[in-house]
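See structure below.
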Amino acid sequence: MPVKARDLLRAASRVMVDNEPQPAFALLADARSTDVLIRELQSAADEGLSVVRSSPFRIRHGAGVRMVADLVEPLDRALRSTRVLVRRTAVAAHHQRPVPRSYALLASDLSTAADMVAEELEANRMPEAARPALLAVGHASSQVERTPDLSADAVLAQLRSVVVDLLLLTGMNALESTDALPPPRE
């Protein structure tokens, strides 16, 4: 069974609370399977676009195929950003660098929002319904306490990157998704 973003985010949350890096490192090893899945999805989307362009009988399927093709890149970005987040939390735990508990709560809330995105995509819908939950996490990420520790700061920055990448999947463009997050407090 492929690793989902939700699973990676929950693992990150647990690592931030338990400060035990091994479960995250184990999950990261499994998470590399997402690279293969993304490549297969990209290949299928490219093939589908080729078929739609070359066959007048398939032209009516073009919008659906284009929608899938347009989701491949933001999906890839979201999964990569999520893996980096898990890696950052595992490294922080390995080096015994504490991460504020509020960051773990953000990761948990983000896992719920990522699950909403996945449910909408599985139902063949643009995941606009997940946007409010993602925006709430993005807003909350601007309100949490900051720490002078670089590892913890990197975790917060990566949480915010995952929010932005998941917002892309809801139909927002790169500038809209970035601008939707208020700046983190000083």
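The values are calculated or read from the model by the stated rules, or taken from the named source; none is laboratory data. Computed from a predicted model, the values in this text were never measured in an experiment. When we count neighbours, we look across all protein chains shown, and the Cβ atoms used for this are built from the backbone with ideal geometry, even at glycine. Protein only, heavy atoms only, side chains kept; ligands, DNA and RNA dropped before computing areas. Shrake-Rupley method; radii C 1.70, N 1.55, O 1.52, S 1.80 Å.
Of note:
- Within the shell defined by Cβ-Cβ distances under 15 Å, the residues around Ala129 carry a net charge of -3, with Lys and Arg each +1 and Asp and Glu each -1.
- Contact order normalised by residue count of segment 68-186, Cα under 8 Å, 6+ apart, percent: 36
- Per residue, segment 134-186 exposes 45 Å² of solvent-accessible protein surface, assessed with a 1.4 angstrom probe and all protein chains in place.
- For Asp149, neighbours were defined as the other residues whose beta-carbon sits under 15 Å from its Cβ, and their charges (Lys and Arg +1, Asp and Glu -1) total +2.
- Computed 3J(HN,Hα) for segment 95-105, one whole-Hz value per residue from the Karplus formula 6.51 cos²θ - 1.76 cosθ + 1.60 where θ = phi - 60°, is 8, 6, 9, x, 10, x, 4, 4, 5, 5, 5, glycine and proline marked x.
- Under Karplus coefficients 6.51, -1.76 and 1.60, residue-wise ³J(HN,Hα) of segment 82-93 in Hz, glycine/proline x: 5, 4, 5, 4, 4, 4, 4, 5, 5, 5, 4, 5
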